[in-house]
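Peer 1: Would you mind keeping the following structure in view while I ask a few things?
Read-outs: derived from the displayed coordinates by stated rules, not from any lab. Predicted model only: the values in this text are computed from it and were never measured. Positions of Cβ are generated from backbone atoms using ideal geometry, with glycine treated the same way; all protein chains shown enter the neighbour counts.
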Amino acid sequence: MTGTVPPSAYTMRPRPHTIPAGTHLWRVHRAGRPAEQFNPISVDPHFGGNRFDGTSYDPYSYQYQAADPATALAETLLRSLEFDAEAGMRLVPYAAVRGKSLSVLRARADLDVVSLITEEDLAAVCQDSWLLESEGDRYAKTRRWASEIRAQAPKAMGLVWQSRRHRPRLASVLFADRCGIDPLVPVPGPGIADMGSPEGVAEVNRLLAPLRAAVLPPLPVPGQQV
């Protein structure tokens, strides 16, 4: 299985990719928190967390984005979600959108990141699709790999790859310690301020419909009239 050798054993040749200034990047985040805010919480090196989060061994703040709204939703809501046999769709629990917003940000300057988009890009960091396909308890290893890429590409501001839930669209993560001050600014207008509202759920479902996914309606409150 790929990922059985420590990444520090390899000499990598990371391939660059530039996200141009002015690019719009979409993300799902907690409502009430600034859309441009990076996550400062370092996760446990071995348990929990996501694919390329900062850890206590490499405690960088991070933020995940996507190239378009549907990809941002898919990356957040469709993780390990199987198709329901009866509905023929992926049914997203309402709790997954309650208290969340979908926002768009604009890059204030060029963002120079490491590309993991093609097989050649992955080979350049001595990896293959395992790095992007693994989930669950294997995130401990993918985080360790991201840390080694950071070490061997000390000017890289983040990583970009092909979304496994909305190919061939792109997803990315940025490292706050490499991006300078306020690398992203909110774009007013587009987005969904309250994904859990009836209007928000309807818009989320419109965006997810081509992926045969939909948010389940909220459960009725006991005693509430329907």
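Peer 1: So what's the net charge close to F175: Lys and Arg +1, Asp and Glu -1, counting the other residues with Cβ under 14 Å from its Cβ?
Peer 2: Details: positive: R51, R143, R150, K155, R178; negative: D53, D58, D112, E148, D177.
Spelling it out: positives minus negatives among the neighbours equals 0.
Peer 1: What are the radius of gyration and Dmax of region 66-135, computed over its Cα atoms and given in Å?
Peer 2: 16.2, 47
Peer 1: Say R0 is 22 Å: what FRET efficiency, to the nearest 0.05, do E120 and T4 get from their beta-carbon distance?
Peer 2: Numbers: r = 22 Å, r/R0 = 1.01.
Efficiency computed from Cβ-Cβ geometry: 0.50.
Peer 1: While we're looking at this one, here's another question. Helix 139-152 sits at what angle to the longest principal axis of the chain, using alpha carbons and giving 0 to 90 degrees rounded to 10?
Peer 2: With both axes taken from Cα atoms, the answer is about 40 degrees.
Peer 1: Please work out how much length the chain gains when fully extended from R169 to K155, using 0.36 nm per residue of separation minus the C-alpha to C-alpha distance, in nm with one decimal.
Peer 2: Details: separation 14, 0.36 × 14 = 5.04 nm, distance 2.46 nm.
Answer, rounded to one decimal: 2.6 nm.
Peer 1: State the answer as a single residue: which of A35, G48, M12 lies farthest towards the positive end of the charge dipole of region 1-137, with beta carbon charges of +1 for Lys and Arg and -1 for Asp and Glu, about the Cα centre.
Peer 2: A35
Peer 1: Can you check what the net charge comes to around H29, using other residues whose Cβ is under 11 Å from the Cβ of H29 (Lys, Arg +1; Asp, Glu -1)? Each step should come with its number before you reach the end.
Peer 2: Working: positive: R27, R30, R33, K100; negative: E36.
Neighbour charge sum, excluding H29 itself: +3.
Peer 1: Could you pull out the trypsin sites (Lys or Arg not before Pro) across region 7-93 that fall in loop regions by DSSP (anything but H, G, I, E, B) with no more than 16 other Cβ atoms inside 10 Å?
Peer 2: Values: sites: R27, R30, R51, R79, R90; in loops: R51, R79.
For trypsin sites (Lys or Arg not before Pro) across region 7-93 that sit outside H, G, I, E and B with at most 16 neighbouring Cβ atoms in 10 Å, the list reads R79.
Peer 1: Output needed for region 80-201: three equivalent-ellipsoid semi-axes, defined as square roots of 5 times the C-alpha gyration tensor eigenvalues, in descending order, whole Å. Let's see the in-between values first.
Peer 2: On the way: eigenvalues 165, 104, 30 Å².
Equivalent-ellipsoid dimensions as semi-axes: 29, 23, 12 Å.
Peer 1: Using alpha-carbon pairs under 8 Å, 6+ residues apart, how would you state the relative contact order of the chain in percent? List each step's numbers first, then the result.
Peer 2: Working: 429 pairs, mean separation 70.6, N = 226.
Computed value for the chain: 31 percent relative contact order.
Peer 1: Between A109 and residues 5 or more places away or on another chain, which pairs have amide H atoms under 5 Å apart, with H built 1.01 Å from N, and which residues are they?
Peer 2: G22
Peer 1: Do any GluC sites (Glu not before Pro) in region 83-136 lie in a loop, going by DSSP, with at most 10 other beta-carbon atoms within 10 Å of their beta carbon, and if so which?
Peer 2: On the way: sites: E86, E119, E120, E133, E135; in loops: E86, E135.
Here the sparse-neighbourhood loop sites are E86.
Peer 1: What is the Cα convex hull volume of the chain when expressed per residue in Å³? Present the calculation step by step, with values, prior to reporting the outcome.
Peer 2: Numbers: hull volume 32.0 nm³, N = 226.
Enclosed volume per residue, from the Cα hull, is 141 Å³.
Peer 1: Taking R0 as 41 Å, what's the FRET efficiency between E86 and W130 from their Cβ-Cβ distance, rounded to 0.05?
Peer 2: Numbers: r = 33 Å, r/R0 = 0.80.
Working from the Cβ atoms, E equals 0.80.
Peer 1: Expected output is a single nm value to one decimal: the length gained when fully extending between V185 and Y57, i.e. 0.36 nm times separation in residues minus the C-alpha distance. What is it? Numbers along the way, then the final one.
Peer 2: Values: separation 128, 0.36 × 128 = 46.08 nm, distance 2.90 nm.
Result: 43.2 nm gained on full extension.
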